[in-house]
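J.: Quick one: this structure, given as structure tokens, is what I'll be asking you about.
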Amino acid sequence: MSIVVWELKPGTCVQCTQSKKELDKRGIIYKTRRLDKSPKAVERFKEMGLLAAPIIETDDRRWSGFRLDRIKSLEQHLRSE
């Protein structure tokens, strides 16, 4: 499964940092992309109603902001694969 954390400039987003820490703690492998360097991605996410950073995107899920419940659910899903 592909997992991407769309973040703001490192060190400027507490929710981005916390989300990545939780993913790391749970051993979830992900790639990072920068929202401030991807205006087309920002527009696409806005159209979906995702307005807060970070935006976590997987093959079949998307959410914005720090969502521990979603990270835990993702961890459970990955373990069941």
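The values are calculated or read from the model by the stated rules, or taken from the named source; none is laboratory data. Treat the numbers as computed from the prediction; the structure is a model and nothing was measured. Neighbour counts run over all protein chains shown; Cβ positions are idealised from the backbone, glycine included. Only protein heavy atoms, including side chains, enter the accessible area calculation; ligands, DNA and RNA are left aside. Shrake-Rupley method; radii C 1.70, N 1.55, O 1.52, S 1.80 Å.
J.: For region 56-81, which positions are among the hydrophobic types (A, V, I, L, M, F, W, C) and loosely packed, with under 12 Cβ neighbours inside 10 Å?
T.: Selection gives 68 alone.
J.: Give the number of residues within region 1-20 that are small (Gly, Ala, Ser) and in contact (Cβ under 8 Å) with a residue 60 or more places away in the chain.
T.: 0
J.: Could I ask something else about it? Would you pick out the residues in region 5-55 that are open to solvent by less than 60 Å² (accessible area, probe 1.4 Å), aliphatic (A, V, I, L, M) and assigned to a helix (DSSP H, G or I)?
T.: 23, 35, 41, 42, listed by residue number.
J.: Next question. Residue by residue through region 56-81, note down the ones that are in a strand (DSSP E or B) and either modelled with pLDDT under 95 or of a type outside the set (S, T, N, Q) (or both).
T.: Within region 56-81, 56, 57, 62, 63 qualify.
J.: Quickly run through region 21-57 and pick out the residues that are without any contact (Cβ under 8 Å) to a residue 24 or more places away in the chain and basic (Lys, Arg).
T.: Hits for region 21-57 are 21, 25, 37, 40, 44, 46.
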